[in-house]
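To start, the structure itself, in structure tokens.
The values are calculated or read from the model by the stated rules, or taken from the named source; none is laboratory data. What you see is a predicted model; the values in this text were computed from it and never measured. Cβ sites come from the backbone with ideal geometry, for glycine too, and all protein chains shown count toward neighbours. In case anyone asks, the SASA skips ligands and DNA or RNA and just uses the protein heavy atoms, side chains included. Shrake-Rupley method; radii C 1.70, N 1.55, O 1.52, S 1.80 Å.
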Amino acid sequence: MSDKIRVRFAPSPTGPLHIGGVRTALFNYLFAKKLGGDFILRIEDTDQNRYVEGAEDYIVEALDWLQIPFDEGPGKEGDVGPYRQSERKHLYREYADMLLASGNAYYAFDTAEALEKLRNDYEAKGETFSYDAKNRDSLNNSLGLSEDEIQQKLDAGEDYVIRFKIPAGESLQFRDMIRGGMQIDTSILDDKVLFKSDGMPTYHLANIVDDHLMAITHVIRGEEWLPSLALHMLLYRAFDWQAPKFAHLPLILKPVGKGKLSKRDGDKMGFPVFPLEWKTEDGSIYNGYREDGYLPEAVVNMLAFLGWNPGTEQELFSLEELVNAFSLERVNKAGARFDPEKTKWFQHHYLQEMDEGVLTAQFKKYVEAKGFSTENMEVGVLVSLLKERATFMEDLWEQGHFFFEAPTNYDEKAAKKAFKDDTADILANVRDIVEKVEDFSAAELSKQVKGWIADQEIGFGKVMMPLRLSLVGEMKGPDVFEIMALLGKKEAINRIQSAINVIKS
Ligand code: GLU
């Protein structure tokens, strides 16, 4: 095969994909695209006990929403598929057999109960049992048995697993592209199971075999896989295959305190740790960035900065700009602290950047979904008036809902201040002025009403406060005259009249 860069994102479909997983996918994608390589999605679903219905679709939908497309994967067949390990089952046994034949693996017949007992006995002594070079010879396995003896056991249908035989007492050296050189004494490693009694490979075997068969050149994955790296290097050596290069991405840390970012942190502090909403079988809901109103551009930009930086002051990056700027050399070893406020900052920026026509169309839909008509409203003008202070679509509604629904009551505190004995008369005057304005623009309305206030020599607030309250219901919103112009003459007058009625009643 050619030396084309090929990377893979290899999630296990065990539930909704955490944003840490999305970050791994993103960094793989950026690395591949920067170097003109391929980004592959492989579903690692060999552990049937942990398989969760819908999790694979969730992964694909999340990548799709964030516009991180894979070149090969389920539903996008390339030359080295299938891309679901459950569909590659038939393939792995042969590789386990190769390791058995070369003496790098052995059959282990120990029952689950026997191992459990050993673990408990060790624990009672304050030690930890490990199936390793120190004690493998005293356990129930094929080491020391003749071919015939092994065959007899297999023919008798004895349950077994296949374990990797870790070479004892070796100082193993290898490199990680982010962490640099590492050295490990193989005596701390245990003889991991490669192949299980149910006929399925374990993660370690399937992962290495597939990375090899899929011609993966770089493995970029989360730090939690670093402890497996020594075993993986030994497996490559045992197969006599060239190992890919490895890069282990830093952990994503809680916004405050110690440890990894968890769902609980999100729940406590009110931010999602999943790209999309996820509903569990028991009906609980995991919040998602998409459903919480975030734009994919904001989420991608935020994720890129979790462990990477461009080495400049620039913080705003489109996906394309990230592809150009990305390099593994600029990925940190140290854990990356998650900052929900920064995510909002990115979100605010990308909402401002959004094409106003698109934003307007989306806001229209949003308002209509709430059951209000947008027919008589210039929603585009409204959006441009309110946008600057909005981070989410929801904020546009929060700040502008009164354009679509007349106030049904008035903020109590504000009404106490604004509605005085002479307010009904003042508002009646304003109503009459507004009635006569022909060119119903904010500028003209402002000129007429302010002119009248000046003539009357009354305080500005005495007019403007009740006027705003009559139109909005509270002391918020853009310029009063802009509001009136947008509401139109009829609606503006209706609202002023309603306030007069309430004050008089
Ligand atoms: N299936 C593993 C996971 O769920 C893949 C780890 C790797 O990338 O090697 O993260």
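Quick notes on this one:
- A residue that is of a type outside the set (Asp, Glu), within 13 Å of the ligand (Cβ to nearest atom) and in contact with a Gly (Cβ under 8 Å, 6 or more places away or on another chain) occurs nowhere in segment 60-73.
- Filtered residues of segment 45-59 (kept if open to solvent by 10 Å² or more (accessible area, probe 1.4 Å), within 12 Å of the ligand (Cβ to nearest atom) and of a type in the set (Gly, Ala, Ser)): none
- Segment 183-232, residues that are of a type outside the set (D, E, K, R), free of Cβ contacts under 8 Å to residues at least 60 places away in the same chain and within 16 Å of the ligand (Cβ to nearest atom): 204, 208, 212, 225, 226, 227, 228, 229, 230, 232
- Single match in 251, 235 (criterion: within 14 Å of the ligand (Cβ to nearest atom) and open to solvent by 10 Å² or more (accessible area, probe 1.4 Å)): 251
- Any hit, segment 269-289, residues being β-branched (Val, Ile, Thr), touching a Phe, Trp or Tyr at 6+ places or on another chain (Cβ under 9 Å) and open to solvent by 40 Å² or more (accessible area, probe 1.4 Å): yes
- Note on segment 12-44: among residues that are open to solvent by less than 10 Å² (accessible area, probe 1.4 Å), of a type outside the set (Val, Ile, Thr) and within 11 Å of the ligand (Cβ to nearest atom), the one that is nearest to residue 281 (Cα to Cα) is 13.
- Residue 428 surrounded by fewer than 17 Cβ atoms within 10 Å (Cβ to Cβ) and without any contact (Cβ under 8 Å) to a residue 60 or more places away in the chain: no
- Criterion violated by residue 1 - all others in (1) open to solvent by 20 Å² or more (accessible area, probe 1.4 Å); (2) more than 14 Å from the ligand (Cβ to nearest atom); (3) at pLDDT 95 or above satisfied: (3)
- Boolean, residue 263 is under 30 Å from residue 185 (Cβ atoms), open to solvent by 50 Å² or more (accessible area, probe 1.4 Å) and in contact (Cβ under 8 Å) with a residue 12 or more places away in the chain: no
- Test: residue in segment 165-177 that is modelled with pLDDT under 95, in a loop (DSSP other than H, G, I, E, B) and at negative phi: yes
- Residue satisfying condition, being over 23 Å from residue 38 (Cβ atoms) and either without any contact (Cβ under 8 Å) to a residue 60 or more places away in the chain or among the aromatic types (Phe, Trp, Tyr) (or both), within set 333, 342: 342
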